[in-house]
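Below is one structure, written out as structure tokens; the observations come after it.
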Amino acid sequence: MRPDQPAGERMVNAVVTADSGALEELLATLPDAGMAQQITADGTPTVWVPRERLLDVLRHLRPGFPMLLDVFGIDERLRQNKPLPAQDFTVVYHLFSVERREEFRVKASVSEADAVVPSATPVWPAANWYEREAWDMFGIEFSGHPNLRRIILPPTWEGFALRKDHPARATEMEPFSLDEDKQVVEQEALRFRPEEWGMDRASDDSEFMFLNLGPNHPSVHGVFRIALQLDGEVIVDAVPDIGYHHRGAEKMGERQSWHTFIPYTDRIDYLGGVMNNLAYVLSVEKLAGIEVPPRVKVIRIMLAELFRISSHLVFYGTFVQDVGQMSPVFYMFADRERLFGIVEAITGGRMHPAWFRIGGVAQDLPKGWDTLVRDFIDSMPARLDHYQKMAMDNSIVKDRTVGIGAYSGEEAVEWGITGASLRAAGVDFDLRRDRPYAGYEDFDFEVPLGHRGDSYDRAVVRVEEIRQSLRIIRQCLDNMPEGPYKSDHRHTTPPPKERTLGDIETLIHHFLNVSWGPAIPPGEACVPIEATKGFNSYHLVSDGGTSSYRTRIRTPSFPALQQLPLISRGLLIPDLIAIIASIDFVMADVDR
């Protein structure tokens, strides 16, 4: 270990220091693979593998960790406290096992002059989009990839946006200009060529028709394009085209302080509100070693579940609207407005309150909060009963969605599908119950399941989750602990305002934490949560400074859209609309 290297980044060759049966078995089975272990703040087993043995290791892990949660890159070139095997760029593979309830992390490092690793698409088909994104953002090539081209940024983009030497702001670049020659180039780059999308122009007995669904279409809930290959009215292929809503959220994470990045998280799943804050602050707190008070845990869970209900109400209304019912969305949005009234009374904000803080929440609960919450949760069950008769029991809704867009539990796991869409296929797993975080181990609730994995079951599970969220919120209401709303920790931001009037040291502490943010110890941490749409996590890399060195945002909507071609082939366009409605995605959650 280097003298200046923190213990949290220690590398151990051929020695197991973490309590992981999977890690022990891997090192024992492939002792000649040249692996090295990294100890991380979150305790996730992490091994570095030479790229020559990368596929061997991934194939070995595949049976035990059938879900590929994420693949992403890290530009290590400016990192001061980087692990020993790291060269210029690192590729990270984040694996998950529903059966084991465990995560596993594999890393491979390459130099800038030879930034090439083998593609993992033969092992996990879900690696396709993730590897394209890593190439798009870092210029890391994946040999053997079936279609390695830009996925988030425009095809004419110059450079790789998440490299440290790429400008982060418009003021660091030349002013935009579009002369006639450049306009011709840009328009030519947008010309649709079926072959570039993996489509044939014709079969042996017919020519195919190609149709754009979007990028602006009322059924795609955002700026999203699907290129359809049609044989008559039957879908031969449906290739998603994303990136129209990309805002560079991960790049922003490198420019904002740990504290001031919190409002940006609200805009990822913009229907999830503070649920986004929760995934982020849990990872920061893991890095900093912050333990929050019991009252903070219960307040956070209550607000997170309120936003789960809010998000599911939007899904519920728009789902049935997309398959032909106009009235229910108005009822459900009225309930959502009532809920936002409670959120506003507690936090001062509505959709994007950015109210959670590192080490706690922004303020304590106001007087009368309990009355507002109790009135809401007492009235909602009867409303949901009414909606059941109006929407889910409606024969038109059932005819449009039962058996449409179905997949098995194995297929869901293989494609990285999480949340209600995973449970709709009969996979009995919920992070809140099976990998408790943030205090969920103290709550009693049921995990709704489907069995067909079709569009109807995806809705059924989310509707029942509203009832279970009401159940969790009632427990928060009846068992709210007393105590502080912030942790008494030097990295908590900001410290309680009232203490700043007592002494100059606390005032200075408050000022520096608000303006600069805390300096988080070097290390890496990632705490996945069961967000409104599935697993959401922030893989944070700290280099010991006041901002994140690398912020990787794993969202559930991204893999959900990658699976779209698999579950829509052979169906009709109206069926595709029902499938899109049932997935419950937002494009800000996809593009980030």
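Among Trp197, Trp129, Trp258, the ranking by other beta carbons within 10 Å of each residue's beta carbon, starting with the fewest, stands as Trp197, Trp129, Trp258. When Phe356, Phe340 are arranged by Cβ crowding within 10 Å, least crowded first, meaning fewest neighbours, the order is Phe340, Phe356. Both radii were evaluated on the Cα set of the chain; the Rg over Rh quotient, with Rh as the Kirkwood radius, amounts to 0.96.
By per-residue mean of other Cβ atoms within 10 Å, what is the highest-first order of 576-588, 384-396, 274-286?
By packing density, highest mean first, the sequence is 274-286, 576-588, 384-396.
As a ratio to 2.2 N^0.38 Å, the alpha-carbon radius of gyration computed for region 398-455 takes the value 1.27.
Taking R0 as 30 Å, what FRET efficiency do you get between Met326 and Met351 from their Cβ-Cβ distance, rounded to the nearest 0.05? For Met326 and Met351, the calculated efficiency is 0.80.
Local charge for Leu68 was computed over the other residues whose Cβ lies under 10 Å away, with Lys and Arg +1 and Asp and Glu -1, and equals -1. Across region 468-477, computed HN-Hα scalar couplings (Karplus, 6.51 cos²θ - 1.76 cosθ + 1.60, θ = phi - 60°) run 5, 5, 4, 5, 5, 5, 4, 5, 4, 5 Hz from first to last residue, x flagging Gly and Pro. By the count of neighbouring beta-carbon atoms within 10 Å, fewest first, Thr500, Thr347 end up ordered Thr500, Thr347.
Taking 18 Å as the straight-line reach from the Cα of Lys182, none of the lysines fall in range once those fewer than 8 positions away in the same chain are excluded. Extents of region 80-141, taken as max minus min of Cα coordinates on every principal axis and listed largest first, are 39, 27, 17 Å.
Over the chain, what is the relative contact order in whole percent, taking alpha-carbon pairs under 8 Å and six or more residues apart? Relative contact order for the chain comes out at 17 percent. Region 284-366 gives an Rg/Rh value of 1.11, both radii derived from C-alpha positions and Rh following Kirkwood.
Between Glu291 and Arg490, the contour length at 0.36 nm per residue exceeds the Cα-Cα span by 70.5 nm. Please say if region 7-143 is rounded, prolate or oblate, where rounded means a/c under 1.5 for a ≥ b ≥ c the square roots of the C-alpha gyration tensor eigenvalues, and otherwise the choice is prolate for a/b larger than b/c and oblate otherwise? Taking the square roots of the gyration eigenvalues as a ≥ b ≥ c, region 7-143 is oblate. Charge tally for Asp88 (other residues, Cβ to Cβ under 12 Å; Lys, Arg +1; Asp, Glu -1): 0.
Report the FRET efficiency, 1/(1 + (r/R0)^6), for Asp205 and Glu411, where r is their Cβ-Cβ distance and R0 is 30 Å, rounded to 0.05.
In this case the efficiency is close to 0.50.
Quick one: go through region 164-200 and flag any residue whose amide nitrogen is under 12 Å from the point 7 Å out along the Cα-to-Cβ line of Asn147. Taking a point 7 Å out along Cα→Cβ of Asn147, the residues of region 164-200 whose backbone N falls under 12 Å are 193-200. Across region 392-497, the volume of the C-alpha convex hull divided among the residues equals 160 Å³ per residue. In the chain, helices alone account for a calculated mean residue ellipticity at 222 nm of -11000 deg cm²/dmol, with every DSSP H run of four or more residues adding -39,500 (n - 2.57). Between Trp157 and His386, the simple spin-label model (points 7 angstrom out along Cα→Cβ) gives 4.6 nm.
Straight-line reach from Lys82: taking Cα to Cα under 26 Å and skipping same-chain neighbours fewer than 8 places apart, the lysines in range are Lys107, Lys164, Lys251, Lys286.
Plugging the Kirkwood radius over Cα pairs into Stokes-Einstein for region 249-558, at a temperature of 37 °C and a viscosity of 0.692 mPa s, what D comes out in µm²/s? Calculated translational D: 162 µm²/s. Between Ala168 and Val402, the contour length at 0.36 nm per residue exceeds the alpha carbon distance by 79.6 nm.
The base-10 log of I(q)/I(0) for region 145-296, evaluated at q = 0.20 Å⁻¹, reads -1.34 [Debye formula, identical scatterers on Cα atoms, solvent excluded]. Here Lys398 is the anchor, and the lysines within straight C-alpha reach of less than 25 Å, apart from those fewer than 8 places off in the same chain, are Lys389, Lys533.
Computed from the coordinates by the stated procedures, all read-outs in this text should not be read as laboratory data. Predicted model only: the values in this text are computed from it and were never measured. With ideal geometry, Cβ positions are generated from the backbone for all residues, glycine too; neighbour counts draw on all protein chains shown.
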